[in-house]
Amino acid sequence: MEVTVSKTNKQSNFIPMAIVATLFFILGFATWLNGSLMPYLKQVLQLTPFQASLILFSFYIAVTFTAVPSAMIIRKVGYKNGMAIGMATMMVAGLLFIPAAKTQVFALFLFAQLVMGAGQTLLQTAVNPYVVRIGPEESAAARVSIMGILNKGAGVIAPIVFTALILSEFTGLVGKDLSQAEIDSMANSLIYPYLGMALFIGVLGFAVTKMPLPELLDDEEQGAQGQVKAALAHPSLALGVVALFVYVAVEVIAGDTIGTFALSLGVEKYSVMTSYTMGCMVLGYILGIALIPRVISQQAALSVSAILGCILTLAVVFSDTSSVVIATTLGLEVQLPDTLLMIAVLGFANAIVWPAVWPLALSGLGKLTSVGSGLLVMGIAGGAFGPLFWGLASGGVDSAEAQQGAYIVMLPCYLFILFYAVKGHKMKSWK
């Protein structure tokens, strides 16, 4: 199945790319809000690290069983309508947070996260092909990087917004045994922000159906099962899916568990920690756009990223959490253990991986490019298992020392990314 842009809509790519850019920002905002939500619910519902990791697991696991149905939906209704349906699903998920907050039932929060993940998967499946196909193929990596900046830029903003709208009213409660009145107040503070987000996403989803977004045309020449089998016969793609799986695992660990770890260290502003990781990722994307391929090839950049990830992982695990540095967020000075900042710098190491793996994995697929893209999207499921393994590695003990040691689970992930950068992407046959 080859994806091409409808010939009648090739005149201008600016408006479609602007629309897609907006959607990538929305995806990033909703995704990286989890970095603040996870420690917040851990505090409100008094969860263990493993239970808290289920908040991320339920969000990302949706990719595993909704990626293929998402592709079927898009094939039936079209890419633009698929985007709208994905956003409508995300709106429903936002509304589900209202009864979850009112009842404080953990299972309802997990269900809301599951629905949000399903909506995100459909939207991702519909949006990503536009980035590759609207514009010259040789500049696809640059467009992916630009969308990554928007996605991660939203990740910088989302925790700050969460802190301003929700956590700012509850300073001084870190490390305290909460009364039921305080628990009720913290839970109820989620209602209006999530209601507002749901309504905004719903309105934007309706607007997308009215916007001049060109449809992508699919040329089906064989069954879906045959396409998947043919695509996976390319080792560079199959290994690329695994590389993205372990990449998203470490990306989510660095971005979304940093707040929970900060909470265990007694950091008052734990909900803004994700902003540091995302800020480092944005810096990495910008440098990638500036340096690749002028100064360094994307394969070499991917190798450097993996090596840096290994070094930082070991530094995080064996660093002294009592060593404190001064960080500034929105003009406010915050005292942070330097271990947290090393986790944040992992965002810099991670930045190049996504835009580098995609073109390497899709290279030479031809008419199988679109089904290859769908398989690569499934790699996002790694976000479900990375934090889960981190939570398991902590031994279910709510201590800073156990959580710090659990970051070692990232090391084999970076080693596989290094293998893919050095050899995996070059493999043309399984023999």
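Jot down the per residue volume, in cubic angstrom and as a whole number, of the convex hull over the alpha-carbon atoms of segment 264-408.
132
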Can you list the HN-Hα couplings for segment 304-312, worked out from phi with the Karplus curve (6.51, -1.76, 1.60; θ = phi - 60°), rounded to whole Hz and with x for Gly and Pro?
-> 4, 4, 5, 5, 4, x, 4, 4, 5
Please list, or write none, the lysines whose alpha carbon is within less than 25 Å of the alpha carbon of Lys367, excluding same-chain residues fewer than 8 places away.
-> Lys7, Lys10, Lys76, Lys80, Lys229, Lys423, Lys426, Lys428, Lys431
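Once the convex hull of the alpha carbons of segment 252-301 is built, what does its volume come to per residue, in cubic angstrom? List each step's numbers first, then the result.
On the way: hull volume 3.8 nm³, N = 50.
Measuring per residue, one finds 76 Å³ for the Cα hull of segment 252-301.
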Of the candidate values (1) 62, 44, 38; (2) 84, 43, 41; (3) 68, 64, 54, the one computed for Cα extents along the principal axes in Å from this structure is (1)
Run the quick spin-label model on Trp430 and Lys176: label points 7 Å from Cα toward the beta carbon, then report their separation in nm to one decimal.
-> 5.9
Going 7 Å from the Cα of Lys76 toward and past its Cβ, which residues in segment 106-123 have a backbone nitrogen under 13 Å from where you end up?
-> none
What length, rounded to one decimal in nm, is gained on full extension from Phe200 through to Phe106, with 0.36 nm per residue of separation minus their alpha-carbon distance?
-> 31.3 nm
Work out from phi, with θ = phi - 60° and the Karplus expression 6.51 cos²θ - 1.76 cosθ + 1.60, the ³J(HN,Hα) of each residue of segment 379-392, listed in order in whole Hz, and give x for Gly and Pro.
-> x, 4, 4, x, x, 6, 8, x, x, 5, 5, 4, x, 5
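Set the Förster radius R0 to 41 Å, insert the Cβ-Cβ distance between Arg294 and Ser168 as r into 1/(1 + (r/R0)^6), and round the FRET efficiency to 0.05.
Computed FRET efficiency for Arg294 and Ser168: 0.40.
Taking all protein chains together and a probe of 1.4 Å, list Arg143, Arg133 from the most accessible to the least accessible. If you can, show how the numbers build up before the last one.
Working: Arg143 30, Arg133 65 Å².
Of Arg143, Arg133, the descending order of accessible area is Arg133, Arg143.
Keeping all protein chains in place, calculate the accessible area per residue for the chain (probe 1.4 angstrom), answer in Å².
Working: 16800 Å² over 431 residues.
I get 39 Å² per residue for this part.
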Segment 37-68 versus segment 352-431: alpha-carbon centroid distance in Å | 19
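The values are calculated or read from the model by the stated rules, or taken from the named source; none is laboratory data. Quick caveat, the model's predicted, so the values are computed rather than measured. Every residue, glycine among them, receives a Cβ derived from its backbone with ideal geometry; neighbour counts consider all protein chains shown. Surface accessibility is based on the protein's heavy atoms, side chains included, excluding ligands, DNA and RNA. Shrake-Rupley method; radii C 1.70, N 1.55, O 1.52, S 1.80 Å.
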